[in-house]
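Asks: Right, I'll just put the structure down here and ask away after.
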Amino acid sequence: MAAAQVEGAAFIDGRQSSIWDDFSSKKGKIKNNSLPTIACDFYHKYKEDLGLMANLGIKNFRTSISWSRVLPDGVGVINSKGLDFYDRLIDEALLNGITPWLTLYHWDLPLALQKQGGWVNRDVLHWFEEYINAVVPRLQDRVKHWMILNEPTVFTGAGYFLGVHAPGEKGFKNFLPAVHHAALSIGQGYRQIKAINPSLVVGSTFSCSHVTPFRNTGNDIAACNRADAILNRLFIEPINGLGYPVQELKQLSRIEKYAIASDWDNLPVALDFHGVQVYTREQIKYSWFTPYLQARIVEAKSRVAHITQMGWEVHPASIYEMLKKFASYPLVKQLIITENGAAFDDDIADEVIHDVHRLTYLKYHIGEVLRAKHEGVPVAGYFVWTWMDNFEWAEGYHPRFGLVHVDNISLRRIVKNSGYWYSSFLDGNANLQE
Ligand code: BGC
């Protein structure tokens, strides 16, 4: 899970606005103009959720910290009530025999920092350092597993290039510095956390999709390579010491303008683990009309593919291909699937949710993860996205990704059949071939 998607309690106990509170308050930015203000009210219902998780035998649980809860102005005065919440949450998880994994930044920058440019401003590296110092020393005695950023390609691409996610900025002048500062924050964050406590296990997460050319033509193949550079290589390569993929995308060489000499030594970092997040595959076609990239995704629905509520193709082999690809990078020690899952419309009949499509999706994807593992890929874990239906960013509350159904009005939780299946799988009682 992620704080902004589940916690709610947006303005309770001293928390101030994040860029998502601000973005969603503008008309037309989020489907149905939905707001994350209440979300699943996890802030108040965390005991119920963790209890349910424990009953299902789920032993590892990932969520993120809301920067705006801990430092409402982004920097400066720490909000002790905000930190107290994470203390209570972690203690409750441990009490239930559940290991917490925390993401430091899952897209919800404090609005006060965006007013100074957010990820475009190089000062973000100092702000992020201050935030980590506010959080990690306090929780490190109980939280061993940390992730620095969640999917930097998505929050820089959708938030600072396309403007379809918060903070709604556009164009290369925002995107390129945001990319460079986000890439630098991974190594900086890793070294900072290790200096606080060298025994902590520190990684960061990356979005990726297996990409294939739509047609076997030179144009489509070259377009596919450009899309691969953006979707899959943009962050993992610089932090693995390979630099930005400028050969495929010349525009990326303009990042140099935002760099100082020492940056090139500071980008590479041997993370304890790389979090791999896969949902689908993409087929790519040459497009004269797309500026710079000259490539576009061929929508799955136009290909008569089996698709989810997000319009994403169900293609389990994608997770296997991406694990193989990421395993080949020089500084990769261990991979963990930190997100994988699917949104489908759920029918409730007599309190039972027969979500066959989600259940099948999980079975096949876990099967592909195990295939990679049996072939020697160092993949050491798997997290379903996600525990419960929640605020799906610009898509509002429409897509339902949860193992647990959440009623939009009453917020009542009902475990879906996929949740029961996952529980028996963890118990060793479910067969992936059944
Ligand atoms: C994000 C999640 C999101 C999920 C499904 C990932 O890009 O990390 O926050 O809900 O995909 O769209």
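Asks: Need at least 3 residues that are buried (at least 18 other Cβ atoms within 10 Å of the Cβ) and touching a residue at least 40 places away in the same chain (Cβ under 8 Å) per element, so show me which helices (runs of 4 or more DSSP H) inside region 227-344 make the cut, counting only ones lying wholly within it.
Replies: Filter on region 227-344 gives 236-239, 317-327.
Asks: For region 155-174, what are the residues that are in a helix (DSSP H, G or I) and buried (at least 23 other Cβ atoms within 10 Å of the Cβ)?
Replies: Matches in region 155-174: PHE155, THR156, GLY159, TYR160.
Asks: I've got another one for you. List pairs: first in region 150-161 and of a type in the set (Gly, Ala, Ser), second open to solvent by less than 10 Å² (accessible area, probe 1.4 Å), Cβ under 7 Å, 6+ apart or cross-chain?
Replies: From region 150-161, the pairs are GLY159/ALA166.
Asks: As an exercise: evaluate SER80 against (1) away from the ligand (no atom under 16 Å from the Cβ); (2) of a type in the set (Ser, Thr, Tyr); (3) surrounded by 20 or more Cβ atoms within 10 Å (Cβ to Cβ) and give the number of the one condition it does not meet.
Replies: (3)
Asks: Which of the residues belonging to region 210-241 are polar (S, T, N, Q) and over 19 Å from the mean Cα position of the chain (by Cα)?
Replies: Passing the criteria: THR212, ASN216, THR217, ASN219, ASN225, ASN240.
Asks: Right, here's the next one. Within region 1-20, count every residue that is among the aliphatic types (A, V, I, L, M) and within 11 Å of the ligand (Cβ to nearest atom).
Replies: Summing the residues that are among the aliphatic types (A, V, I, L, M) and within 11 Å of the ligand (Cβ to nearest atom) in region 1-20 gives 5.
Asks: Moving on. Does region 59-70 include one or more residues that are surrounded by fewer than 18 Cβ atoms within 10 Å (Cβ to Cβ) and either more than 21 Å from the chain's Cα centre (by Cα) or not aromatic (Phe, Trp, Tyr) (or both)?
Replies: yes
Asks: Here's something else I'd like to know. Please state which one of TYR279, TYR244, TYR258 is more than 25 Å from the chain's Cα centre (by Cα), modelled with pLDDT of 95 or more and aromatic (Phe, Trp, Tyr).
Replies: TYR258
Asks: A further question follows. Could you please find all residues in region 98-132 being away from the ligand (no atom under 16 Å from the Cβ), outside any loop (DSSP other than H, G, I, E, B), open to solvent by 10 Å² or more (accessible area, probe 1.4 Å) and of a type outside the set (D, E, K, R)?
Replies: Result: THR99, LEU111, ALA112, GLN114, VAL120, LEU125, HIS126, TRP127.
Asks: On to the next question. Working carefully through the options ASP73, ASP13, ASP49, find the one that is acidic (Asp, Glu) and either part of a helix (DSSP H, G or I) or within 23 Å of GLY396 (Cα to Cα) (or both).
Replies: Just one listed residue meets the conditions, ASP49.
Asks: Taking only pairs six or more apart or across chains, which ones have beta-carbon atoms under 7 Å, a first residue in region 105-127 that is under 14 Å from ALA182 (Cα atoms), and a second residue that is part of a helix (DSSP H, G or I) and open to solvent by 40 Å² or more (accessible area, probe 1.4 Å)?
Replies: Hits for this filter: LEU125/GLN188.
Asks: Report, by residue number, each residue of region 88-97 that is open to solvent by 20 Å² or more (accessible area, probe 1.4 Å) and among the aliphatic types (A, V, I, L, M).
Replies: Those that are open to solvent by 20 Å² or more (accessible area, probe 1.4 Å) and among the aliphatic types (A, V, I, L, M): LEU94, LEU95.
Asks: A follow-up question, please. For region 385-412, which positions are within 11 Å of the ligand (Cβ to nearest atom) and free of Cβ contacts under 8 Å to residues at least 40 places away in the same chain?
Replies: Result: GLY402, single match.
The values are calculated or read from the model by the stated rules, or taken from the named source; none is laboratory data. Everything numeric here is computed off the predicted structure, so don't read it as measured data. For neighbour counting, all protein chains shown are included, and Cβ atoms are generated from backbone atoms with ideal geometry for every residue, glycine included. With ligands, DNA and RNA removed, areas are computed over all heavy atoms of the protein, side chains included. Shrake-Rupley method; radii C 1.70, N 1.55, O 1.52, S 1.80 Å.
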